[in-house]
Structure formats: structure tokens, C-alpha cells
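K.L.:
Let me give you the structure first, and then I'll get to my questions.
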Amino acid sequence: MSIPIKATVERVPGGMMLVPLLLGAVINTAHSGTGEFFGSFTGALFSGSLTILAVFYVCMGATIDVRTTPYILKKGGVLLVTKAVIAIVVGVVLGHFIGETPVDGGAFAGISTLAVVAALNDTNGGLYMALMGQFGRSKDAAAYSLMSLESGPFLTMVTLGVAGLSSFPWQTMLGAILPLLIGMILGNLDPDMRRFLAPAVPVCIPFFGFALGTGIDLETVWTAGLLGIGLGLFVLLVSGTTLFTADRLVGGSGLAGLAAASTAGNAAAVPALVAAANPVYEEAAEKATVLVAAAVVVTSLLVPVVTLAYYKRLQRRHPDEYPADTATAPAAGDGGAAPAPKPAPGTPRTAAHGSERA
């Protein structure tokens, strides 16, 4: 007898990240001491999220090919910088009004600067590459090899520091990006190391998702539903508008900008990582994790719809450049590593993204 567990989980947007996270949260809510009760290796599964994430970022770094073409450097660089600038601007504004701690009352109870910045900073790479591949934009898909540098807590730490909130010592900042850099060095010096490490990227996702979930008490985050939907819509509106404009300004159609207006699944890990680096954010981290996870689902569902609608508009205006037979909407994806489309001649391999892009 065969049970399609993986296929069922992947039907959920960001499922490989979010389903284990929810399972861990349910177990923790029912009995918070489960990990300590069993101890040993089982206990390690409940408490080892940081170690698993460190391995994840080394393996993902190995997938990044630094030999990018000028087109990929321009496209990926513009989208990467634009996303970072958006998060910084929003972080400055929110930091001025609510600071590091979450809102503690009213309709926005639980929302925090950390949650919004983490949701804005990281693109769902699997979804982006799937969309670009479906639309026959292989060079745009390859641009993610540069955009994947936004993965992890580094940009969020930078954004919070620039926003004038609690900053991080340089050792912590370097430590946040060092595993990714080590992976890049290994993968670019030795293609065999890249082939060896790359398959581990999607494997790590459900394990750190579960470990993160075991730190969440569902009774304290009941408001995350509506707030999470709102956060997802906010990411889509703000990121979609600015990335679309930036893509058009550098000669693109805007399609890649819309496809990048999502939140990666592994962005849900960022609040916990930031709180581990600076205890000031501990109060915001738990609810931020759930809010970002909700934003992953919302953007994974809506970004393909918006991108496809715009592609159809481009078809009507430029039928020769945007053929009808490629415009099939891809699945929302699990936010994790997705097979990259075949690159055009001379185009480097694209990077796999864990999470959601986990």
C-alpha cells in the first residue's frame, strides 16, 4: 500500500515548511514538554532548529553560481536591491511608531516590525522560477541565482539596524551570512560539492519547520489568521508595485517583478533566528513566525494569479514575444526548492531556494 504523503503536503502552499511547523505547534500546545520528556534524538528534533538551519544555508549557498551573465546580474540585482530597500523603508516607518515589541492591543495585536520586515525580505524562489519557466522566461528565472542572497536573517538584521532599532554586533551579522558564504565558496570551487550539497536543501525544510513549530503555542496566536492574511496582502501590494516598477525601469516587462512579490517559506524561520541573536526581539518572535507563515500561504496563492493575469495582458499586446502556449499557471509550490527551468544557452544554473523559498 502506498500513501501519497509528500504529494498531499505539497498541495498546501508552502506545505513542506508549514505542515511540519503546524504539527510541531499542535504538539507543543497540547504538551509543551514533549521534547524534554523523550530526550535524546527525539528531543533534538524538537530543539535543533538553529543547527538544521545552519546546515540548510551551507547547502543552499552551494547552489549559487557566481558566474552570472550581465543580464542576470542586472535583473537579479535590481530585484534584490529593490526588495531590500522596500523592507528598510517600511522598517523605518514601523520602527518609529511601534519599535521592537509587538502591538499589544486592538485589531493589530501581535503585529511587529520584525514580522513585516521578515515577510518583505525574502522571495519564494521555487514559485518565482516555476512562474518564469512556465512563461518561457528562462533568463529571468536564472536571475534568482543572485536574488537568493536575500535568504536568511542577514538582510532582516541589516534592515532593523538601519531602521534605528536594536542593532546587532558585527560578529552576529557575519555569523548570519557565513554559512551561506561557505556554501557558495564550496559550490563554486568544486562542482562535485555543489552536486553533493544541493539535494539536501529541500530535505532540511520540513525538519526546521517542525522544530520551529515546537516553539509556538497556538493559544497565544489566535489573531494571526486575519493579521496573517493582511500581512500577505500587504507584501503582495507593496512588493508587487515596487518590483514591477523597478523591472520596467531596467527594460523588463514587469512580469519578473510581479513573480517575485511573494514571501518565502523559510522566511518563517527568520524571527526565531533574529531573536536568538538579539533577545530584544524575543517577545515579537513567536507571533511573527505565525504571521510570516500565513503571509507565505497568501502570497503563494495570489502571486501566480496576478502574474498570469498580467501575462495574458502582455499576450494581447505582444503575441509574438509572449506565446499563448506557455501561459499555464503553475502550482503555488511548497515554497521550497523547485526544479529550475532549462536555461537558455550561456545562462548559468539557477539557485535552488529552500523554503518557500520554504
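The values are calculated or read from the model by the stated rules, or taken from the named source; none is laboratory data. Since the model is a prediction, treat every value here as computed from it, not as a measurement. Backbone-built Cβ (ideal geometry, glycine too); neighbour counts: all protein chains shown. All accessible areas refer to the heavy atoms of the entire protein, side chains included, with ligands and DNA or RNA removed. Shrake-Rupley method; radii C 1.70, N 1.55, O 1.52, S 1.80 Å.
K.L.:
In this structure, does L174 turn out to be without any contact (Cβ under 8 Å) to a residue 12 or more places away in the chain and of a type outside the set (G, A, S)? Write out each step before concluding.
P.N.:
Working: without any contact (Cβ under 8 Å) to a residue 12 or more places away in the chain: yes; of a type outside the set (G, A, S): yes.
Against the criterion (without any contact (Cβ under 8 Å) to a residue 12 or more places away in the chain and of a type outside the set (G, A, S)), L174 qualifies.
K.L.:
Can I ask one more? Within region 55-69, can one find any residue that is open to solvent by 30 Å² or more (accessible area, probe 1.4 Å) and not in a loop (DSSP other than H, G, I, E, B)? Explain how you work it out, then say what you get.
P.N.:
Step one: of region 55-69, the residues open to solvent by 30 Å² or more (accessible area, probe 1.4 Å) are 55, 58, 66-69.
In the following step, the residues that additionally are not in a loop (DSSP other than H, G, I, E, B) were identified as 55, 58.
Checked region 55-69: at least one residue is open to solvent by 30 Å² or more (accessible area, probe 1.4 Å) and not in a loop (DSSP other than H, G, I, E, B).
K.L.:
Can you confirm whether T82 is of a type outside the set (A, V, I, L, M, F, W, C), in contact (Cβ under 8 Å) with a residue 24 or more places away in the chain and assigned to a helix (DSSP H, G or I)?
P.N.:
So T82 fits the description; yes.
K.L.:
Evaluate the following for T101: is it open to solvent by 40 Å² or more (accessible area, probe 1.4 Å), among the hydroxyl-bearing types (S, T, Y), in contact with a helix residue (DSSP H, G or I) (Cβ under 6 Å, 6 or more places away or on another chain) and modelled with pLDDT of 80 or more? Step through it out loud before you land on a result.
P.N.:
Numbers: open to solvent by 40 Å² or more (accessible area, probe 1.4 Å): yes; among the hydroxyl-bearing types (S, T, Y): yes; in contact with a helix residue (DSSP H, G or I) (Cβ under 6 Å, 6 or more places away or on another chain): yes; modelled with pLDDT of 80 or more: yes.
Answer is yes for this residue.
K.L.:
Would you confirm, using the coordinates I've provided, whether I177 is open to solvent by 30 Å² or more (accessible area, probe 1.4 Å), in a helix (DSSP H, G or I) and either over 21 Å from T263 (Cβ atoms) or among the basic types (K, R) (or both)?
P.N.:
no
K.L.:
Name the single residue that is least open to solvent (accessible area, probe 1.4 Å) among those in region 297-324 being modelled with pLDDT under 85 and under 23 Å from the mean Cα position of the chain (by Cα).
P.N.:
Filtering region 297-324 for residues that are modelled with pLDDT under 85 and under 23 Å from the mean Cα position of the chain (by Cα), the one least open to solvent (accessible area, probe 1.4 Å) comes out as S300.
K.L.:
Could you list, in sequence order, the residues of region 123-146 that are part of a loop (DSSP other than H, G, I, E, B) and either within 16 Å of D247 (Cβ to Cβ) or open to solvent by 30 Å² or more (accessible area, probe 1.4 Å) (or both)?
P.N.:
Selection gives T123, F135, G136, R137, A143.
K.L.:
Being farther than 17 Å from L114 by Cα, β-branched (V, I, T), assigned to a helix (DSSP H, G or I) and under 20 Å from the mean Cα position of the chain (by Cα) is the requirement here; does I185 meet it? Give the derivation first.
P.N.:
Details: farther than 17 Å from L114 by Cα: yes; β-branched (V, I, T): yes; assigned to a helix (DSSP H, G or I): yes; under 20 Å from the mean Cα position of the chain (by Cα): no.
When the stated conditions are applied, I185 does not pass them.
K.L.:
Only residues that are without any contact (Cβ under 8 Å) to a residue 24 or more places away in the chain and either under 13 Å from A141 (Cα atoms) or in a helix (DSSP H, G or I) (or both): list them for region 250-271, please.
P.N.:
Residues satisfying the conditions do not exist here.
K.L.:
Moving to a separate point now. So if I check each of G232, G228, G254, G240, which one is at pLDDT 85 or above, on the phi > 0 side of the Ramachandran plot, open to solvent by less than 20 Å² (accessible area, probe 1.4 Å) and not polar (S, T, N, Q)?
P.N.:
Going through G232, G228, G254, G240 in turn, just one is at pLDDT 85 or above, on the phi > 0 side of the Ramachandran plot, open to solvent by less than 20 Å² (accessible area, probe 1.4 Å) and not polar (S, T, N, Q): G254.
K.L.:
So, one more: Just one of the numbered conditions (1) at pLDDT 85 or above; (2) assigned to a helix (DSSP H, G or I); (3) open to solvent by 30 Å² or more (accessible area, probe 1.4 Å) is not true of L120; which one?
P.N.:
Against the list (1) at pLDDT 85 or above; (2) assigned to a helix (DSSP H, G or I); (3) open to solvent by 30 Å² or more (accessible area, probe 1.4 Å), L120 comes up short only on (3).
K.L.:
Between G76, G48, G99, which is of a type in the set (G, A, S) and either closer than 24 Å to S262 by Cα or without any contact (Cβ under 8 Å) to a residue 24 or more places away in the chain (or both)?
P.N.:
Selected residue: G76, the only one of G76, G48, G99 that is of a type in the set (G, A, S) and either closer than 24 Å to S262 by Cα or without any contact (Cβ under 8 Å) to a residue 24 or more places away in the chain (or both).
K.L.:
Further, regarding this structure: Just a yes or no: is a residue in region 195-215 surrounded by fewer than 22 Cβ atoms within 10 Å (Cβ to Cβ), over 22 Å from the mean Cα position of the chain (by Cα) and not charged (D, E, K, R)?
P.N.:
yes
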